[in-house]
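What follows is one structure encoded as structure tokens, with my remarks underneath.
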């Protein structure tokens, strides 16, 4: 059937007199990414496997959340935990109810929570997709460049330059299950000083059988200023308010609020010599969280970072710098003995890129970090690239990464009716992973086909978990036994016709827990297979069609969940772009789970989460 569709599309293109795609149409220049070594590098020279989701792919996906977009990245599992109000995107092993092993950045601002156990899920909710330029996803550890939270990978979200969003935008999205989204944006200024103000609200009623409605309200300001010919300043500030229902008895609502100010000044010292200084203030607050146990609180984070990039001749490029961070959590619920907890962190990082021959690229670097409570640690990395033929690159290397425990995991004194529920006895140490990988990046120009292959072995040690030392004791936070995860993943990008593009992702993962474990929940805490097929098709008369088919093998999402059966989901989108005078417009219909719904999460004692068919209609106006 797919072949018939391709033939029909090809006939339509021929009828309109359009030529088949050229190499430039398909390949062009390889994307340049910034989030792997802190040096701007093309994909075939970055020390790791990277998937780039550009603005066009984001629009054509029909996604309402960042988590939905990550289905387009090999190895990611996207589902919901406890309710439809909390989408979760996880990469590789030891999946749990939170995304705590990924470093998620927005214009350099980390999104992880300082409260509880360090989730990035809530921060991901405070993203307006209409403002995103691209998303770079590093599939692999990167503590060597970005520190402790880059344990399994990095999701780097880059928003659009304010000068590129001058004018106005209105976007509305309405549909089944209470989908009511709205975005309003205004941009002004010139090339020397440009600003953007975006207000957005996203809401839906969750799943039909649960009390799991949600609403996310946010306001973001970005300014890009050229202070002098060699000086640029990025100013970003914003606020997000996220409220969601949980299907408890009686039903209840939780909330999370976040405010931030992010400043980045960069001076160009020469053609390949620059200095960058960043300053960040971030505050988050939980309200009505775990009302029976009580877990309200506020956290504050301040960061100061400096970075210097320079070259030494044609063969060498360097980046080095340092960061200071102060984190504070205030909660009478989580820390009954001393509600005001804080720590300081210092780090020094560096990376050297060496090109001894046009065919060879060597990246060597690492990071030294000192945590005010846990102590010091290092994260080295070495990666070697060999350009075997034009458009064909082999990569091999190794790195070590770690995840520091949060203040809650180190010092929790969480009580219920005066009785400790979690009592951290101070024995928690950093989680560690030793990763080895080989990779291949190929461009078959005659076929307009791109191939990205990664084969990995990741030895995970000392993962943190709750542990009850005796029947009547409070839970402690301890490091558990190690496991090894092996596998491979690939992404194929094929453009057989000028207006036709296919994306195929496939990942295989095998977990090998410690030899004393016989639990299926340990062996299947990640699905053995994850696959995505995406088809993006431009049609005549301004129409645009997208299909995303996503399939996941059976697995346990968290230790106390039941086995989640294998499922598949197919989403469809049909859009038409047109103009009303000078206003650019797009009307789009998106149908999620077009082929039928599936069980998304099962946990003993909670209602089954069933993701069903849902349609929503979107209108976008730019003027």
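Could you identify the single residue in 614, 563, 576 that is in contact (Cβ under 8 Å) with a residue 40 or more places away in the chain and in contact with a helix residue (DSSP H, G or I) (Cβ under 8 Å, 6 or more places away or on another chain)?
563
What strands (runs of 3 or more DSSP E), lying completely within the stretch 218-330, carry at least 1 residues that are surrounded by 18 or more Cβ atoms within 10 Å (Cβ to Cβ) and touching a helix residue (DSSP H, G or I) at 6+ places or on another chain (Cβ under 8 Å)?
Numbers: elements: 231-246, 252-270, 273-287, 297-312, 316-330.
Hits in the stretch 218-330: 231-246, 252-270, 273-287, 316-330.
Which one of the conditions (1) buried (at least 22 other Cβ atoms within 10 Å of the Cβ); (2) modelled with pLDDT under 95 does residue 205 fail to meet, given that it meets all the rest?
(1)
I need the full set of residues from the stretch 580-603 which are under 26 Å from the mean Cα position of the chain (by Cα) and part of a strand (DSSP E or B), in order please.
588, 589, 590, 591, 592, 598, 599, 600, 601, 603
Going by the conditions given, is residue 314 touching a strand residue (DSSP E or B) at 6+ places or on another chain (Cβ under 7 Å) and at pLDDT below 95?
For residue 314, the condition - touching a strand residue (DSSP E or B) at 6+ places or on another chain (Cβ under 7 Å) and at pLDDT below 95 - is not met.
Only residues that are in a strand (DSSP E or B) and touching a helix residue (DSSP H, G or I) at 6+ places or on another chain (Cβ under 9 Å): list them for the stretch 42-56, please.
Correct list: 50, 51, 52, 53.
Filter the stretch 444-475 down to residues that are in contact with a helix residue (DSSP H, G or I) (Cβ under 9 Å, 6 or more places away or on another chain), more than 15 Å from residue 50 (Cβ to Cβ) and buried (at least 20 other Cβ atoms within 10 Å of the Cβ), then give me how many there are.
2
Tell me, please, whether a residue that is crowded, with 19+ Cβ neighbours inside 10 Å, modelled with pLDDT under 95 and either more than 30 Å from the chain's Cα centre (by Cα) or assigned to a loop (DSSP other than H, G, I, E, B) (or both) can be found in the stretch 384-404.
yes
Among the residues of the stretch 604-623 satisfying the criterion of being assigned to a strand (DSSP E or B) and within 16 Å of residue 211 (Cα to Cα), which is modelled with the lowest pLDDT?
Narrowing the stretch 604-623 to residues assigned to a strand (DSSP E or B): 609-611, 614-622.
Retained after the next criterion (residues that are within 16 Å of residue 211 (Cα to Cα)): 609-611.
On the way: 609: 80, 610: 83, 611: 86.
Restricting to residues being assigned to a strand (DSSP E or B) and within 16 Å of residue 211 (Cα to Cα), the top hit is 609.
Determine, yes or no, whether residue 573 is assigned to a strand (DSSP E or B), out of contact with any strand residue (DSSP E or B) (no Cβ under 6 Å at 6 or more places or on another chain) and farther than 20 Å from residue 509 by Cβ.
Answer is no for this residue.
Got a sec? Which strands (runs of 3 or more DSSP E) wholly within the stretch 423-480 have at least 2 residues that are free of Cβ contacts under 8 Å to residues at least 12 places away in the same chain? Outline the logic, then answer.
Working: elements: 431-444, 449-461, 464-467, 476-479.
Those strands (runs of 3 or more DSSP E) do not exist here; none qualify.
Given the criteria assigned to a strand (DSSP E or B), without any contact (Cβ under 8 Å) to a residue 40 or more places away in the chain, under 30 Å from residue 273 (Cβ atoms) and over 23 Å from the mean Cα position of the chain (by Cα), does residue 194 qualify?
Here the answer is yes, as residue 194 does meet what is asked.
If I filter the stretch 57-79 down to residues being under 20 Å from residue 171 (Cα atoms) and part of a loop (DSSP other than H, G, I, E, B), which single residue comes out as modelled with the lowest pLDDT?
Per the stated criteria, the residue is 65.
Just one of 86, 55, 100, 60 is more than 14 Å from the chain's Cα centre (by Cα) and buried (at least 23 other Cβ atoms within 10 Å of the Cβ); which is it?
Matching residue, one of 86, 55, 100, 60: 86.
Would you mention how many residues in the stretch 410-425 are more than 15 Å from residue 296 (Cα to Cα), out of contact with any helix residue (DSSP H, G or I) (no Cβ under 8 Å at 6 or more places or on another chain) and surrounded by 22 or more Cβ atoms within 10 Å (Cβ to Cβ)?
Number satisfying all stated conditions: 1.
Here are some residues: 65, 45. Which one is surrounded by fewer than 22 Cβ atoms within 10 Å (Cβ to Cβ) and either over 11 Å from the mean Cα position of the chain (by Cα) or within 30 Å of residue 574 (Cα to Cα) (or both)?
Details: 45 fails: surrounded by fewer than 22 Cβ atoms within 10 Å (Cβ to Cβ).
The conditions single out 65.
Filter the stretch 132-161 down to residues that are in contact with a helix residue (DSSP H, G or I) (Cβ under 9 Å, 6 or more places away or on another chain) and more than 18 Å from residue 32 (Cβ to Cβ) and give me whichever is surrounded by the fewest Cβ atoms within 10 Å (Cβ to Cβ).
Per the stated criteria, the residue is 149.
Quick one: in the stretch 493-547, of everything that is touching a strand residue (DSSP E or B) at 6+ places or on another chain (Cβ under 7 Å), modelled with pLDDT under 95 and in a loop (DSSP other than H, G, I, E, B), which residue is farthest from residue 63 (Cα to Cα)?
Taking the candidates together, the pick is 514.
The values are calculated or read from the model by the stated rules, or taken from the named source; none is laboratory data. What you see is a predicted model; the values in this text were computed from it and never measured. Neighbour counts run over all protein chains shown; Cβ positions are idealised from the backbone, glycine included.
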